[in-house]
Amino acid sequence: MDGIRLPPATAEQVALGLKLGISVDGDSYGVAAARILDVVGPSIGDDTRHDVPTDKQTDYARTLGVDISHDSYRVGAAKLDDALALLDMRQIAQQELGPGVKVRLKSRPGYPPRVISSIQDSRLVFFRGGGGAKAWARNCIRVDE
């Protein structure tokens, strides 16, 4: 493996899960939060759908190598978020992305390279030149010219 990991469920999440009769040990922080919210959400006025993921979510997750077919809608969404975060984290590490690095966007191969201005904690990459141009790190390919 590449050593890139998502934040795990916290000790507090694991303890709360046990009190609620669910196991979140081994889940990421986001998936653990989703499982807990599935249980407590209705009692605190949360109106998020608690049924199964949509076919569109399930199909998209499958393209990312993630099976969410047996999860709730919320847990499926958290697992999708995790899969996309891992793609971004790996791209940043493998491509050594950072301020000043030139990149091309996978979705716009004919466009000129852009220079990274900053990368947010959310892994959203902003480019120099203003206008709010941005892309997810997973869509950036380093250009060494």
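The values are calculated or read from the model by the stated rules, or taken from the named source; none is laboratory data. A quick note: this is a predicted structure, and the numbers were derived from the prediction, not measured. When we count neighbours, we look across all protein chains shown, and the Cβ atoms used for this are built from the backbone with ideal geometry, even at glycine.
If I filter the range 95-145 down to residues being in a strand (DSSP E or B) and of a type in the set (S, T, N, Q), which single residue comes out as surrounded by the most Cβ atoms within 10 Å (Cβ to Cβ)? Looking at residues that are in a strand (DSSP E or B) and of a type in the set (S, T, N, Q), I get 117. Contact map, the range 68-94: residues that are in the same structural domain as residue 52 (by TED's automatic domain parsing) and under 23 Å from residue 141 (Cβ atoms) paired with residues that are assigned to a helix (DSSP H, G or I) and aromatic (Phe, Trp, Tyr), Cβ distance under 8 Å, separation 6+ or inter-chain. Pairs shown: 80/60. Highlighted here are the helices (runs of 4 or more DSSP H) found entirely within the range 1-75 that include at least 3 residues which are over 21 Å from the mean Cα position of the chain (by Cα) and surrounded by 12 or more Cβ atoms within 10 Å (Cβ to Cβ): 11-20.
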